[in-house]
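Nothing in this text is a laboratory measurement; each read-out follows from the coordinates by a stated rule. This is a predicted model, so every value here is computed, not measured. Counting neighbours? That spans all protein chains shown, and the Cβs are built from the backbone with ideal geometry, glycine included.
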Amino acid sequence: MIEVENLHKHFGSKVAVDGVSFIVKKGEVLGFLGPNGAGKSTTMRMVTGYLPATKGSVRIGGADIEENEIEAKAKIGYLPEAAPLYSDMTVEAFLRFAAEMRRVPASEIQAAVDKAIETTFLEPVRHQSVDTLSKGYRHRTCFAQSIIHDPEVLILDEPTDGLDPNQKHEIRQLIRRMGETKAILFSTHILEEVEASCTRAIIIDRGKVVADGTPEELKARATNAGTVLLRATGLAGSGIRTELEKLSESDSVDVIESSDEGITARISPAKGKAQKLGAAVSGLCKDKNLTIHELKVEEGRLDLLFRELTKRDADK
Amino acid sequence: MDAFITLIVAFAIPTAIVAAIFVGLLFYVLPREVRTIFKRELKSYFTSPIAYVLFVVFLGISNALSFFFTGVLEGGEADLFLPYFQYLPWYLILIAPAVGMRLWSEEQRLGTMELMLTMPLAPWHAILGKYLAAAVVLFTMLVLSFPIVWTVNYLGEPDNGVIMAGFVATYFVALCFLAVTSVISAITRSQLVALLVSVAICLVLWLGGLPHLSEMLMNLKGGWLVAWPVLKLVNMVGVMPHFTELAKGVLGLRDVVFFISFIAFCLIATSVAIRLKRA
């Protein structure tokens with residue numbers, strides 16, 4: 001399990017990470033979201049002990065990364081952002097090296113290497129030299145080294161970067177599967193990935209955590225969450241509109257199409273009424289004897305929330 | 001035939017002793033992590049052309065120059081010390097940094113430093129593992145220069161003990177230059193910069209110990225107040241007097257301690273440089 005408390009990192013006068021705290025328990029997959037330069041990689045580098053923190057603490061399975069450096073590091077598997085590899089080795093030799101360094105007992109190294117190669121689909125390039133590999137294979141080789149010792153904690157910096165859609169899908173499945181028995185922290189800027197494999201997500205911007213919750217909770221926070229799309233007939237459009245606006249659950253009505261027979265409109269919920277708006281609209285239609293052709297409560301969209309929270313002043 | 005056996009004994013034994021020191025350190029004294037890094041590093045020297053190129057360059061230069069220009073052959077008396085060992089450190093000023101330049105700069109260029117330093121090992125494991133691998137490359141290079149020893153033994157009856165001492169002294173100098181290169185390669189990600197800066201520092205280290213410089217310092221003492229402490233320092237860490245003493249066959253404790261503490265200092269400085277690089 002990963003415990004991060006009030007983590008700060010200053011580079012000279014520049015503040016890269018500004019008081020980040022979170023906990024990832026065993027069985028959790030925490031997605032780490034944020035625009036480029038938000039401090040994701042810097043945070044991960046401090047969590048893995050590569051960069052010393054300016055302030056704050058990181059504990060891995062109870063061991064402090066600075067005080068019990070070696071014990072803490074032994075529990076981590078880490079895929080750095082650039083997926084670095086020794087270019088003069090073959091895939092298998094590199095994984096053997098990683099296994100030895102990660103303290104896999106000598107008698108189990110072959111089995112560990114075979115398993116990592118199988119899990120990350122590296123069989124076709126097993127004996128190939130690293131510097132002749134394509135980007136996808138390079139990335140997976142580095143990914144394989146991070147899981148070779150079956151660590152309790154996995155830290156993956158953009159694990160699907162540079163992969164094709166099929167490979168992305170496989171890796172997401174893999175992260176989800178491994179997440180059942182490990183504590184996983186992974187960063188991404190692909191939002192669908194969060195929904196596909198995370199149990200929880202954090203959005204950070206300019207070094208600060210701006211949102212923290214399950215993907216569902218985060219989606220509910222998006223401005224479009226709970227918006228109701230209605231297409232109904234039975235009254236003049238303008239009349240329906242007035243009735244909709246009168247509802248205490250609605251905030252505004254955005255008319256898409258209006259005629260003498262009916263209306264197509266998008267109704268935004270009033271603050272705190274997102275859960276109730278759908279029922280209120282359908283109740284209204286029943287009272288007024290309207291025929292409902294379409295009634296849809298929209299789910300919040302992560303990308304909208306992400307944009308709202310991480311908007312730069314210049315964009316406004 | 002007897003001469004040949006003496007020769008084998010005179011050189012196989014010291015070679016075996018140094019090899020035994022390496023094996024003993026790696027397999028019995030130091031932790032497994034050091035050995036793993038050492039193996040990877042050594043293998044990478046010999047899977048790339050770099051080690052072979054350096055061997056050819058070193059052996060080519062050292063043998064050619066001593067045979068053709070310094071007159072081992074014409075000397076009549078086969079005294080290997082002056083013509084051969086006096087020049088070896090000069091070649092090492094270039095060769096040792098060329099062997100060591102990739103130690104840490106390559107690691108930074110590839111980004112693998114991030115992997116290495118997030119593995120469960122202390123930085124000194126990595127520093128030592130890498131240093132020992134490069135030290136073995138330099139050792140192999142010196143062992144490969146045995147044909148010249150064989151030649152002078154064929155031509156005359158040299159004092160093999162002194163020749164051996166020359167090799168020991170040369171190896172210590174090579175290890176010092178390598179340690180300097182280790183520090184510099186931790187500072188820059190460019191191998192070329194690491195090479196050039198290391199060569200410059202090794203040159204200063206070597207020349208700093210020139211006997212004339214000490215005399216000059218004596219005369220300057222009253223004058224250049226600012227430059228004097230700097231020159232004095234360079235003169236103090238100058239490698240040459242220690243080399244000369246050892247190479248004469250005087251196995252002085254003082255000189256051995258100098259070399260070992262110099263190397264230890266540089267390896268510690270390497271770890272400081274790596275720490276600063278991460279902060």
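Things worth noting here:
- Going from the fewest other Cβ atoms within 10 Å to the most, the residues A:169, A:149 appear in the order A:169, A:149.
- Pair residue A:229, residue A:251: separation of 7 Å Cα→Cβ label points (nm): 1.9
- Distance between the pseudo-spin-label points of residue A:195 and residue B:193 (7 Å out from Cα toward the beta carbon): 4.6 nm.
- Positive-end residue, segment A:2-221 charge dipole about Cα centroid, Cβ charges, pick of A:111, A:175, A:24: A:24
- Against chain A, whose longest principal axis is taken from its Cα atoms, helix A:109-119 shows a tilt of about 30°.
- Convex hull (Cα only) mean projected area of the protein assembly as shown, reported in nm² to one decimal: 37.2
- Residue A:276-residue A:5 pseudo-label distance in nm [points 7 Å out on the Cα-to-Cβ vector]: 4.1
- Working note: 222 nm ellipticity from helices only, DSSP H runs with n ≥ 4, each -39,500 (n - 2.57), summed and divided by the residues of chain A, gives -10000 deg cm²/dmol to the nearest 500.
- Mean separation of Cα contacts under 8 Å (6+ apart) over length of chain A, as relative contact order %: 19
- For the pair segment A:1-54 / segment B:236-261, the C-alpha centres are spaced 50 Å from each other.
- Ordered by the count of other Cβ atoms within 10 Å of each Cβ, fewest first, B:43, A:168, A:14 give A:14, B:43, A:168.
- Between the helical axis of A:277-287 and the longest alpha-carbon principal axis of chain A there is an angle of about 30 degrees.
- Each Lys and Arg adds +1 at its Cβ and each Asp and Glu adds -1 at its Cβ; summed about the Cα centre, chain A shows a dipole of about 440 debye.
- Ranking of B:206, B:104 by count of other Cβ atoms within 10 Å, fewest first: B:206, B:104
- Of all lysines in the structure, those lying under 16 Å Cα to Cα from residue B:130, and not within fewer than 8 positions of it along the same chain, are B:39, B:43.
- Qualifying GluC sites (Glu not before Pro) in segment A:20-101, where qualification requires a DSSP coil assignment and no more than 11 other C-beta atoms within 10 Å, comprise A:67.
- Taken about its Cα centre, segment A:1-85 carries a charge dipole of about 220 debye when Lys and Arg each add +1 at the Cβ and Asp and Glu each add -1 at the Cβ.
- Computed from backbone phi with θ = phi - 60° and the Karplus coefficients 6.51, -1.76 and 1.60, the 3J(HN,Hα) list for segment A:169-182 is 4, 4, 5, 4, 4, 4, 4, 4, 5, 5, x, 5, 10, 10 Hz; x is used for glycine and proline.
- Applying both filters, DSSP loop and at most 13 other Cβ atoms within 10 Å, to the GluC sites (Glu not before Pro) of segment A:172-229 gives A:180.
- In summary, the lysines within cross-link reach of residue A:135, defined as a Cα separation below 17 angstrom excluding same-chain residues under 8 places away, comprise A:168.
- Shape category assigned to segment B:1-50 from the gyration tensor of Cα positions, a/c cut at 1.5: oblate
- Here segment A:228-298 is assigned +1 on the Cβ of each Lys and Arg and -1 on the Cβ of each Asp and Glu. Its dipole about the Cα centre then comes out at about 280 debye.
- Share antiparallel - DSSP beta bridges, segment A:2-221, percent rounded to 5: 55
- Excluding same-chain neighbours fewer than eight residues apart, the lysines reachable from residue A:26 by a Cα-Cα span under 17 Å are A:73, A:75, A:182.
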